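To keep things clear, I will list the structure first and then write my remarks on it.
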Amino acid sequence: MTVLEKKFVWKQLAPCVDALTIAAASMSSRTVKSLCVSANGLLIVPFVGVDSEHDAGQSIKSLHAIDKGEVVELSVSEGISLKRPDPDFFTLCLGWLLGAFRKLRRLDVSAWRGNWDSSQYSSLWMTVLRNLQRHCHALEALHFYGCPEPAVKVLPTFTNLLELSLSVHPTSAWSVALLLDRLADCASSLCRLHAVRFEMLCGMEDCTSSLQRCMDAFPLKHVWIVDDALDDALAKVLSRIRWPSSCCMLGLSAAFPGEGLCALAEQVCRSCACGLFLEHVEFHDSLALTALHVQKFLATLQWSWLQDFYWAPPTKLPSADVQSVWDSLCTLVDNLCSLRLLHVQKADNEGDPSEDLANVAWKWGVALSYQSRLSSKVPVCVGCCDCEFNSGGLV
């Protein structure tokens, strides 16, 4: 019991325990109670997590016993039905967000996406965002995939913001280009923002100049962009972007056509990025990407500064061309002196990596990982900068 009564122990345990555990601990001794119960009789739970799939009922019941003023991080885990969220769960969680979260530094409500056309959900989100605007000036990370228009309007309030996840979709009032321009206009207020993740849907709209403006407006070190469409429109935009010279990790998931993939490699080399996560999203026009394009892409990367390379190769290449791609990957590992980690996603019907690739990786001390899917915990930062999130990740 004497160990539990030490304040530093509670600081270490805080990220690992839930509200019910803290409530039980508060009854163990008067000293422990003083550490985990606030002056108003509510529980001090700095890290609050609501698992919408496994223990939603239990998590919801415990929320009202938590002192909002002591919450530092709040997250709602994935698992909720995104297209038809449980109205009770949705309103109870969002209703609890109405309060003075003066110490809140990280808010993750990425489990909710879409439903923008519902006036009920839209008005609730607007109320929550305005409450954050009033009370949460210490906010450092916001992961929000609801309607982007009201979110961008309140962003200038969060001058300490370091990390932002946002849906970049057209709305009834704003185009994607206008949305990106309005976000870039926030640069004078968000001067510390260095990590962004966009889930984008640009359609036939050319938003290249607006996205470029966003890349140039902020001191970005970590950039992740995921294509929400089933075409190559966004990929063509991404292949023309000049990535920030300060970029430590660049993550892209899109349907790159052949020429766009080659152009992307040139931009990666110019940016001096140390980490690259690239996922090829397959789409209907398989002829737009050939093995020759992939080989040229890998050959160009030999002139980059990559230290970590996470790659999900195209899966629809003719079987006769697959070996030539693996040979090009071996050449990349053999010639890219800065490379220290190669993580390759394999197709379901593939076996172990080629002996040649394993040998060349061992020769140069490159850590080789070969799995059926890229890890969802790919680090945002490869450790080459002194950022606050070099051990964390965007959601």
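Each value in this text was obtained by applying a stated rule to the coordinates, not by laboratory testing. Everything numeric here is computed off the predicted structure, so don't read it as measured data. Cβ: placed from backbone, ideal geometry, glycine included. Neighbour counts: every protein chain shown.
Assuming R0 = 51 Å, what is the FRET efficiency of Glu266 and Ala39, from their Cβ-Cβ distance, to the nearest 0.05?
Calculated value: 0.30.
Between Arg340 and Leu98, what length comes free when the chain is fully extended (0.36 nm per residue of separation minus the Cα-Cα distance, one decimal in nm)?
82.5 nm
Efficiency by 1/(1 + (r/R0)^6): what FRET value for Asn160 and Arg134, r their Cβ-Cβ distance, R0 = 25 Å, to the nearest 0.05?
Using R0 = 25 Å, I get an efficiency of 0.95.
Starting from the Cα-Cα distance between Ser245 and Asp228, subtract it from 0.36 nm times their residue separation and give me the gain in nm to one decimal.
3.5 nm
Which shape class applies to the range 134-206: rounded if a/c is under 1.5, otherwise prolate when a/b exceeds b/c and oblate if not, where a ≥ b ≥ c are the square roots of the Cα gyration tensor eigenvalues? Before the final figure, lay out each step's value.
Details: a/c = 1.89, a/b = 1.86, b/c = 1.01.
Note, shape of the range 134-206 comes out prolate.
Mind ranking 130-143, 193-206 by how tightly packed they are, going by the mean number of other C-beta atoms within 10 angstrom, highest first?
Peptide ranking by packing, descending: 193-206, 130-143.
Kindly flag which residue pairs out of Lys221/Lys346; Lys103/Lys153; Lys236/Lys316 have an alpha-carbon separation exceeding 25 Å in this structure.
Flagged as over cut-off: Lys221/Lys346.
With label points built 7 Å along Cα→Cβ from the Cα atoms of Ser209 and Asp356, find their separation and express it in nm.
4.7 nm
For the range 245-379, take every pair of Cα atoms, bin their distances at 5 Å starting from 0, and report each bin as a whole percent.
2, 10, 21, 26, 23, 13, 4, 1
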